[in-house]
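Notes to accompany the following structure.
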Amino acid sequence: MRSGELLALDRAHVWHPYGPMPGRTDPLVVASAAGVRLRLAEPAEGRDELIDGMSSWWSAIHGYNHPVLNEAARGQLDRMSHVMFGGLTHEPAVRLAAKLVEITPEPLQHVFLSDSGSVAVEVAAKMCLQYWRSVGRPAKQRLLTWRGGYHGDTWTPMSVCDPDGGMHELWSGVLTRQVFVGPPPVEYEESYAEQLREAIGRHADELAAVIVEPVVQGAGGMRFHTPEYLRVLREACDEHGVLLVFDEIATGFGRTGTLFAADAAGVSPDVMCVGKALTGGYLSMAATLCSSEVADGISRGEVPVLAHGPTFMGNPLAAAVACASIDLLLAQDWQHEVKRIEAGLREGLAAAESLPGVREVRVQGAIGVVQLDHDVDMAAATTAAVREGVWLRPFRDLIYTMPPFVTTDEDVARICAAVRAAAAAG
Ligand code: PMP
């Protein structure tokens, strides 16, 4: 199909993320992707390919069309692409679960394989609420989080995103009213730690769990904070009998410089969510891991089952690719690659600091952020980046990048030039 025709049909029928209907978005048509490059069906701003500065929203850590991941998908496709998981099991899912247990903190022993990050968070919340019901504390049904977070677009995740001024504000009146503390400061502040302890203590009787994104708050504002607060949360949760959930959907698999962001604090959660880079961005899969204590508690309840069972649970294709992606990551010196990209981002984004309208530049692991003092003109900023041959997706007052780990130094420098151009234009 010619891309003009395709775009006309897209405009007529297709929803895009956070997009209006009908047809007021103007997407670029991607014909194929390889390495860190997206090849366009029609040139845009004189470019027929773009370096992907977004890793397709944190996920494509190994780049596109990777021979190892392709082979894993092909090999599995010849055996079976999917079978229901109720009453049946298979090698890819079992191997993946065992692998996840092996690489995540020790108390996490049980794995629920779902099909998206938002569902993984729903499952995490369900596990925590059900745990307390099962052990005879049914009043513990609320969640506590800090402001500025993002946990997905379905109902429970939306309730733990920022309800005031956040992207789900529209629903703030009807979502479950959760407990919020202010956003975590970058550096350790005892007064903030005290606020966390106080809020957890004060609400302990009604709190099932605390849920946070460790070290990096992603889509809620791309803010970083010291891992020290994770220790404070762990201690306060232990003291007051509250479960701790880490949402590592964006940060997991090396992005922040440690395999999981919480590893920087040496803190183990009771429940943890992973997704996005789990399959190297190939297929839709996420996972919720929990401790034996949580699983045993649920199993002792009046209803001793976790009543959740998505059709595509444990999808063998996705699980086979996830196993290959994790093996591929761990077989290389990924810490070196992340540090290398971090150094490139620091160097390349430093010059953005002096641009008019730039409030702050921050880099953590393979994540670079330029925050403006105004909301970005998305169309102008995106066009400026495309002109530089780079794909970025700015939002609110942020222009940011999280490149695939295979991005060369030269391409990191080009991404930085594009971020600077987008900041100047937007
Ligand atoms: N949690 C975090 C921290 C995320 O960044 C995201 C996705 N941006 C989600 C949950 C939701 O994941 P998904 O888009 O796969 O539903």
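Filter the stretch 123-180 down to the residues that are among the aliphatic types (A, V, I, L, M), modelled with pLDDT under 95 and within 16 Å of the ligand (Cβ to nearest atom) and list them by number.
If the condition is that a residue be among the aliphatic types (A, V, I, L, M), modelled with pLDDT under 95 and within 16 Å of the ligand (Cβ to nearest atom), then M167, L175 are the ones that fit.
Considering only residues that are of a type in the set (V, I, T) and more than 10 Å from the ligand (Cβ to nearest atom), which ones fall in the stretch 109-122?
Selection gives V111 alone.
Which pairs turn up if I take residues in the stretch 97-120 that are closer than 23 Å to M84 by Cβ and touching a residue at least 40 places away in the same chain (Cβ under 8 Å) and look for partners that are crowded, with 16+ Cβ neighbours inside 10 Å and aromatic (F, W, Y) with beta carbon separation below 8 Å, at least 6 apart in sequence or on another chain?
Correct list of pairs: L113/F85; D115/F312; A120/F112.
When you go through (1) hydrophobic (A, V, I, L, M, F, W, C); (2) assigned to a strand (DSSP E or B); (3) within 23 Å of A324 (Cβ to Cβ) one by one for L69, which number turns out not to apply?
The single condition L69 does not satisfy is (2).
What is the residue count in the stretch 333-356 for residues that are surrounded by 14 or more Cβ atoms within 10 Å (Cβ to Cβ) and outside any helix (DSSP H, G or I)?
Total satisfying the criteria: 1.
Exactly one condition in (1) over 13 Å from V210 (Cα atoms); (2) buried (at least 17 other Cβ atoms within 10 Å of the Cβ) is false for V160; which is it?
Against the list (1) over 13 Å from V210 (Cα atoms); (2) buried (at least 17 other Cβ atoms within 10 Å of the Cβ), V160 comes up short only on (1).
Just to verify a result, which residue in the stretch 92-107, among those that are in a helix (DSSP H, G or I) and β-branched (V, I, T), is nearest to the ligand (Cβ to nearest atom)?
The residue in question is I103.
Tell me yes or no: at least one residue of the stretch 1-12 is modelled with pLDDT of 95 or more, in contact with an Asp or Glu (Cβ under 6 Å, 6 or more places away or on another chain) and surrounded by 14 or more Cβ atoms within 10 Å (Cβ to Cβ).
So far as the stretch 1-12 goes, no, none of its residues is modelled with pLDDT of 95 or more, in contact with an Asp or Glu (Cβ under 6 Å, 6 or more places away or on another chain) and surrounded by 14 or more Cβ atoms within 10 Å (Cβ to Cβ).
Only one of L289, L317 is touching a helix residue (DSSP H, G or I) at 6+ places or on another chain (Cβ under 8 Å), away from the ligand (no atom under 12 Å from the Cβ), closer than 28 Å to P403 by Cβ and not in a helix (DSSP H, G or I). Can you tell me which? Break it down stepwise before answering.
Details: L317 fails: not in a helix (DSSP H, G or I).
None of the other options fit; the residue is L289.
Of a type in the set (V, I, T) and either more than 22 Å from the chain's Cα centre (by Cα) or over 30 Å from V419 (Cβ atoms) (or both): does that describe I103? Step through it out loud before you land on a result.
Values: of a type in the set (V, I, T): yes; either more than 22 Å from the chain's Cα centre (by Cα) or over 30 Å from V419 (Cβ atoms) (or both): yes.
Criteria met by I103.
Here is a list: A324, A277. Which entry is among the small types (G, A, S), outside any strand (DSSP E or B), more than 16 Å from A93 (Cα to Cα) and touching a helix residue (DSSP H, G or I) at 6+ places or on another chain (Cβ under 9 Å)?
Checking each option against the conditions leaves just A277.
If A208 passes every condition in (1) among the hydrophobic types (A, V, I, L, M, F, W, C); (2) within 16 Å of the ligand (Cβ to nearest atom); (3) touching a strand residue (DSSP E or B) at 6+ places or on another chain (Cβ under 7 Å) but one, which one does it miss?
So the condition that A208 fails would be (2).
Can you find, within the stretch 240-270, the residue that is farthest from A73 (Cα to Cα) among those that are outside any loop (DSSP other than H, G, I, E, B) and more than 13 Å from the ligand (Cβ to nearest atom)?
The qualifying residue farthest from A73 (Cα to Cα) is H240.
What are the residues in the stretch 371-406 that are part of a helix (DSSP H, G or I) and not small (G, A, S), if any?
Answer for the stretch 371-406, where residues must be part of a helix (DSSP H, G or I) and not small (G, A, S): M378, T382, T383, V386, R387.
Scan the stretch 51-65 and give yes if some residue there is more than 16 Å from the ligand (Cβ to nearest atom), of a type in the set (S, T, Y) and out of contact with any strand residue (DSSP E or B) (no Cβ under 8 Å at 6 or more places or on another chain), otherwise no.
Looking through the stretch 51-65, none of the residues is more than 16 Å from the ligand (Cβ to nearest atom), of a type in the set (S, T, Y) and out of contact with any strand residue (DSSP E or B) (no Cβ under 8 Å at 6 or more places or on another chain).
Determine, yes or no, whether Q217 is within 16 Å of the ligand (Cβ to nearest atom) and polar (S, T, N, Q). Walk me through how you get there before you give the answer.
Working: within 16 Å of the ligand (Cβ to nearest atom): yes; polar (S, T, N, Q): yes.
So Q217 fits the description; yes.
Which residues, taken from the stretch 23-46, are on the phi > 0 side of the Ramachandran plot and within 25 Å of the chain's Cα centre (by Cα)?
Selection gives G35 alone.
Looking at (1) within 13 Å of the ligand (Cβ to nearest atom); (2) aliphatic (A, V, I, L, M); (3) in contact with a Phe, Trp or Tyr (Cβ under 7 Å, 6 or more places away or on another chain), which one does L283 not meet, given that it meets all the others?
Only one criterion in (1) within 13 Å of the ligand (Cβ to nearest atom); (2) aliphatic (A, V, I, L, M); (3) in contact with a Phe, Trp or Tyr (Cβ under 7 Å, 6 or more places away or on another chain) is unmet by L283, namely (3).
Hey, could you check the stretch 15-39 for residues that are surrounded by 15 or more Cβ atoms within 10 Å (Cβ to Cβ) and over 20 Å from G280 (Cβ atoms) and say which is modelled with the lowest pLDDT?
This residue is G23.
Tell me which residues, restricted to the stretch 221-239, are touching a Phe, Trp or Tyr at 6+ places or on another chain (Cβ under 7 Å), outside any helix (DSSP H, G or I) and surrounded by fewer than 21 Cβ atoms within 10 Å (Cβ to Cβ).
At the first step, the residues of the stretch 221-239 found to be touching a Phe, Trp or Tyr at 6+ places or on another chain (Cβ under 7 Å) are 222, 226, 228.
Going one step further and asking which of them are outside any helix (DSSP H, G or I), we end up with 222, 226.
Once the filter is applied, which keeps residues that are touching a Phe, Trp or Tyr at 6+ places or on another chain (Cβ under 7 Å), outside any helix (DSSP H, G or I) and surrounded by fewer than 21 Cβ atoms within 10 Å (Cβ to Cβ), the stretch 221-239 yields only T226.
The values are calculated or read from the model by the stated rules, or taken from the named source; none is laboratory data. Everything numeric here is computed off the predicted structure, so don't read it as measured data. Quick reminder, even Gly has a Cβ in these numbers, built from the backbone with ideal geometry, and neighbours come from all protein chains shown.
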